[in-house]
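Report on one structure; see the data block that follows.
The values are calculated or read from the model by the stated rules, or taken from the named source; none is laboratory data. Just so it is clear, the model here is predicted, and its values are computed rather than measured. For neighbour counting, all protein chains shown are included, and Cβ atoms are generated from backbone atoms with ideal geometry for every residue, glycine included. Areas reflect the complete protein model, heavy atoms only, side chains present, ligands, DNA and RNA absent. Shrake-Rupley method; radii C 1.70, N 1.55, O 1.52, S 1.80 Å.
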Amino acid sequence: MSLLSVQGLSASYGAAQALFDVSLEVAQGEVVALMGRNGMGKTTTVKAICRMLPSNGQLEFNGQDLHALPSHRAARLGLGLVPEGRRCFRDLTVRENLLAAARPGDWTLKTVGQLFPRLEERHAQRAASLSGGEQQMLAFGRALMTNPRLLILDEATEGLAPLIRQEIWAAISRLKARTGLAILLIDKSLKELKQVSDRGVILNRGETVWAGVMSELSPDISERFIGV
Ligand code: ATP
């Protein structure tokens, strides 16, 4: 059974329709890549799933109709978003940022610190004093502290130095191998996406145009819809 099931999803920004017909599924323990060129609707899809934007169509999480719930309840069902642009509380320390997100479960200050030792070393520092990559790890850690059933990463490696990107990819691989957490992943690097994802979905102009097993994504399709 799917943990997340999206069928025929549409959404608009005022009069401008951004999503027309998006369908995607994420099963328990699965890593799914959400792909497509800039502006094709990936972030909008994630916002609709997290109920940050009104939408129509089928949106089910863990067997519950997300549209029937107020958005704050939807988050409590276990959607852990690492948003584009790594938002943290800049004036709080790393530790305070993590604790502010905490909900009961296996992810704690200790286990997040094991996944990101760099963060643990900086527990007492203000978030504003961290490098971009460290802030991204903090945003990642905050999402884990909510003990989600589905982790959604929107461009978690965007604009980061190569070494830090590698650390983030290594953390995603470790999560997959050790915890079996379901992950929905948006990223520009197809190479890394292919290594870590089980399945993929491609959006083009607000519509799902391809969905399948990641190893079966052909060069033709990726050239046409992703641009690589
Ligand atoms: P990117 O990789 O650039 O973030 P994306 O695939 O995530 O691309 P979206 O950000 O979902 O794309 O954008 C989908 C469409 O919605 C685009 O045409 C974009 O211009 C439009 N859009 C996005 N955010 C807004 C907004 N806040 N107000 C109006 N239109 C928006």
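Say we look at region 26-38 and pick out the residues that are open to solvent by 20 Å² or more (accessible area, probe 1.4 Å) and within 23 Å of Lys188 (Cβ to Cβ); which of these is farthest from the ligand (Cβ to nearest atom)? Write out each step before concluding.
Keep residues of region 26-38 that are open to solvent by 20 Å² or more (accessible area, probe 1.4 Å), which gives 27-30, 37-38.
Now restrict to residues that are within 23 Å of Lys188 (Cβ to Cβ): 30, 37-38.
Values: Glu30: 21, Arg37: 7, Asn38: 4 Å.
It comes out as Glu30.
Scanning region 39-74 for residues that are touching a residue at least 60 places away in the same chain (Cβ under 8 Å) and away from the ligand (no atom under 16 Å from the Cβ), which turns out least open to solvent (accessible area, probe 1.4 Å)?
Phe61
How many residues does region 133-152 contain that are open to solvent by 10 Å² or more (accessible area, probe 1.4 Å) and either aliphatic (A, V, I, L, M) or in a helix (DSSP H, G or I) (or both)?
3
Helices (runs of 4 or more DSSP H) wholly in region 87-132 with at least 2 residues that are at pLDDT 95 or above and open to solvent by less than 70 Å² (accessible area, probe 1.4 Å) - which ones?
Working: elements: 94-101, 109-115, 117-121.
It comes to 94-101, 109-115.
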